Amino acid sequence: MERAILELLERRAPTATICPSDAARAVYEGDGDGWRALMEPARRAARRLVAAGQVEITQGGRRVDPAKARGPIRIRRIR
């Protein structure tokens, strides 16, 4: 999942963000909306990447503490 997040960010503009659902969809191999079951694993992968200093998690365009983030989040490269 971490690889999917980093690859998606690499293909976008340096300031672009992605949603965890983008990563979940990228790794899901089935049809339909089964990717939804991968949303929490995608969020956990994003938190691991934050801990590794590779990405930031944002809400409303502002960096947030991943442990305190509630609701929709976005993932972006470190600026």
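The values are calculated or read from the model by the stated rules, or taken from the named source; none is laboratory data. The model shown is predicted, which means the values in this text are computed figures rather than measured ones. Every residue, glycine among them, receives a Cβ derived from its backbone with ideal geometry; neighbour counts consider all protein chains shown.
Within region 21-36, identify whether any single residue is out of contact with any helix residue (DSSP H, G or I) (no Cβ under 6 Å at 6 or more places or on another chain), among the aliphatic types (A, V, I, L, M) and surrounded by fewer than 19 Cβ atoms within 10 Å (Cβ to Cβ), and answer yes or no.
no
Can you tell me which residues in region 52-79 are loosely packed, with under 10 Cβ neighbours inside 10 Å and of a type outside the set (D, E, K, R)?
Hits for region 52-79 are Ala52, Gly53, Gly60, Gly61, Ala67, Gly71.
With at pLDDT below 95 and closer than 18 Å to Arg79 by Cβ as the only criterion, which of Thr58, Thr15 stands out?
Unique residue meeting the criteria: Thr15.
Would you tally the residues in region 31-55 being touching a Ser or Thr at 6+ places or on another chain (Cβ under 9 Å) and either of a type in the set (Gly, Ala, Ser) or at positive phi (or both)?
Here the count works out to 1.
Conditions tested, residue by residue: (1) among the small types (Gly, Ala, Ser); (2) within 10 Å of the chain's Cα centre (by Cα); (3) on the phi > 0 side of the Ramachandran plot; (4) outside any helix (DSSP H, G or I).
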position	(1), (2), (3), (4)
Ala13	yes, no, no, yes
Arg25	no, no, no, no
Glu29	no, no, no, yes
Ile57	no, yes, no, yes
Gly71	yes, no, yes, yes
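Restricting to region 25-52, give me the number of residues that are aromatic (Phe, Trp, Tyr) and closer than 23 Å to Val64 by Cβ.
0
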